[in-house]
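Colleague: Okay, handing you the structure first.
The values are calculated or read from the model by the stated rules, or taken from the named source; none is laboratory data. Source: prediction; values computed, not measured. Cβ atoms come from the backbone with ideal geometry, glycine included; neighbour counts cover every protein chain shown. Just the protein is used for accessible areas: all its heavy atoms, side chains included, with ligands, DNA and RNA removed. Shrake-Rupley method; radii C 1.70, N 1.55, O 1.52, S 1.80 Å.
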Amino acid sequence: MNQEEQLNVVAEEEGDASNEGRVPPFQTPKGVHDILPIDHDFFTFIKKVVRHRCRQAGYKRITTPMFEFTEVFKRSIGDTSDIVSKEMYTFQDRKGRSLTLKPEATAAIVRSYIQNNMSQLPQPVELYYIEPNFRYDRPQAGRYRQFWQFGFEVIGESDPALDAQAILLAQRIFGDLGIADSLKLQINNIGDMASRAVYAEALKDYYCGKERYLSEEDRGRLLKNPLRLLDSKHEDTIILNQSAPKFKDYISKESQEFHDEVLEYLTDLGIGYTENPTLVRGLDYYNQTVFEFWDEKKGAQNSVGGGGRYDGLTELLGGQPTPAIGFAMGMERVIAQMKRNKVRVPSKDDLHVFVAQLGREAKKICLPLIDQLRENGIKTMGALGKGAFKNQLKIADKFKVPYCVLIGLTEVREKTAIIRNMKVGTQVTVPFSKVVEEVVKRIGKENLDVYDPKDPI
Ligand code: AMP
């Protein structure tokens, strides 16, 4: 049981015992969760890693609004996709306009590229984002109704080398996060729109007469969008897919050459891959290269991240034809993978000092002292409530602070303070005016947490 679950259990048990006659405590809606401090360490670490890698490669951050006109997603992702047909949080505003909480970022970014005339900027435009998405998915481990994605887009240029470079960036990020070795790159080329249509017909012919083996959901796919059969999770369909016609026999010579070149660059870069002829990804706007990073040890929800080329999307949303490629990873799934791999994230949140006091006079001294310690870069927590020294020290122990500063009645009278080494249990009394200096000496200048507004962001 993880900490989140433990906390929930505690809340439920406490609710049973102490809530008689009271309003039952609220719970989050199904499929959404709080990000508790323990997981924020992971979120912060991931943000640091992706920011660093994106900065190295010239990407700039973008954030689009939490909701868009529904049509942005309908037209991009496709009416028959799972997302549009059953997973969008769509609502009307007070003037009756249809709006949708963002189920994914790419469509919104392309809308922004067009709206903000980004085609006038030097191309390609490289953008990255870190933001929550909303999908009315069936909640289970790794599948939520609000989840966070990090992703990037390269808009305005087309070359197989760009595809390889995008995959390399994703791979480097997974490497920094300590999970690259447990993920396998799956790659496919799904051709251009024309060859996809021909291939869809071939797939339809193949499945004709086999409908009785298909689930109701897959029969619907066969009717509306046969390509979606290729990423069916139903066992019979998976088996049938193995003998189905293959994309590579239907894509154009140019697409095949494009694909071969991407694979060649990947090999040169030392990136291993598995060619997966059934990989289509669930969004209609993709063409040519599609790829996913899978944890092969997991069954369902094994995709930690994925992406592909979407050369037709800008035009679809009213802009000039503009080639593009993008990638997105689910941060919750990345964190789960990091935990499975026992990756430890370095945190700067550990406290240096706990200030314990006794009596009102001591408290008066402690308030400015705590401020002074913090101003000098010492991460300090103060027990400012009423409690015996012994209890305050117990709390300090729980925070695992290396040092405590204690000020009681004697110290107030003598203008001194006690500095206690919590690890070894020794303590010294120092003049009050020297407390900050003595603590800095013990913590070490290199470990101080000083805010410098001149530091580049
Ligand atoms: P997609 O936009 O569907 O290509 O998804 C990209 C990545 O987002 C996936 O590889 C997952 O890591 C993550 N993801 C997609 N849907 C969900 C969900 N419902 N809950 C959690 N993560 C998700």
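Colleague: For the stretch 102-135, which positions are surrounded by fewer than 16 Cβ atoms within 10 Å (Cβ to Cβ) and over 26 Å from residue 56 (Cα atoms)?
Modeller: Answer for the stretch 102-135, where residues must be surrounded by fewer than 16 Cβ atoms within 10 Å (Cβ to Cβ) and over 26 Å from residue 56 (Cα atoms): just 115.
Colleague: Across the stretch 307-331, which residue is farthest from the ligand (Cβ to nearest atom) among those that are in a helix (DSSP H, G or I) and open to solvent by less than 30 Å² (accessible area, probe 1.4 Å)?
Modeller: The selected residue is 314.
Colleague: Quick one: how many residues across the stretch 389-400 are in contact (Cβ under 8 Å) with a residue 12 or more places away in the chain, over 22 Å from residue 449 (Cβ atoms) and not polar (S, T, N, Q)?
Modeller: First, pick out the residues of the stretch 389-400 that are in contact (Cβ under 8 Å) with a residue 12 or more places away in the chain: 389, 392-393, 395-397, 399-400.
Narrowing the set further to residues that are over 22 Å from residue 449 (Cβ atoms) leaves 389, 392-393.
Retained after the next criterion (residues that are not polar (S, T, N, Q)): 389, 393.
Within the stretch 389-400, residues that are in contact (Cβ under 8 Å) with a residue 12 or more places away in the chain, over 22 Å from residue 449 (Cβ atoms) and not polar (S, T, N, Q) number 2.
Colleague: Follow-up. Pairs under 7 Å by beta carbon, first residue under 18 Å from residue 65 (Cα atoms) and in contact (Cβ under 8 Å) with a residue 24 or more places away in the chain in the stretch 124-146, partner β-branched (Val, Ile, Thr) and within 12 Å of the ligand (Cβ to nearest atom), six or more apart or different chains?
Modeller: 135/83; 145/32; 146/32
Colleague: Give all pairs with beta carbons closer than 7 Å in which a residue from the stretch 327-338 that is assigned by TED's automatic domain parsing to the domain that holds residue 183 and within 15 Å of residue 53 (Cβ to Cβ) meets a residue that is more than 6 Å from the ligand (Cβ to nearest atom) and in a helix (DSSP H, G or I); count only pairs at least 6 apart in sequence or on separate chains.
Modeller: Correct list of pairs: 327/166; 327/170; 331/43; 331/46; 334/46.
Colleague: Among the candidates 415, 363, which residue alone is under 16 Å from residue 435 (Cα atoms), exposed (fewer than 13 other Cβ atoms within 10 Å of the Cβ) and of a type outside the set (A, V, I, L, M)?
Modeller: 415
Colleague: While we're looking at this one, here's another question. Just to check your reading of the model, which residue among 353, 345 is hydrophobic (A, V, I, L, M, F, W, C) and modelled with pLDDT under 95?
Modeller: 345
Colleague: Six or more apart or on different chains, Cβ atoms under 6 Å: show the pairs whose first residue is in the stretch 270-291 and in the same structural domain as residue 160 (by TED's automatic domain parsing) and whose second is of a type in the set (Asp, Glu).
Modeller: Hits for this filter: 280/231; 282/82; 287/192; 287/311; 289/163.
Colleague: A follow-up question, please. Could you tell me which of the residues 334, 304 is surrounded by 21 or more Cβ atoms within 10 Å (Cβ to Cβ) and part of a helix (DSSP H, G or I)?
Modeller: 334
Colleague: In the stretch 128-233, which helices (runs of 4 or more DSSP H) lie fully inside it and hold 2 or more residues that are basic (Lys, Arg) and away from the ligand (no atom under 16 Å from the Cβ)?
Modeller: It comes to 193-207, 216-224.
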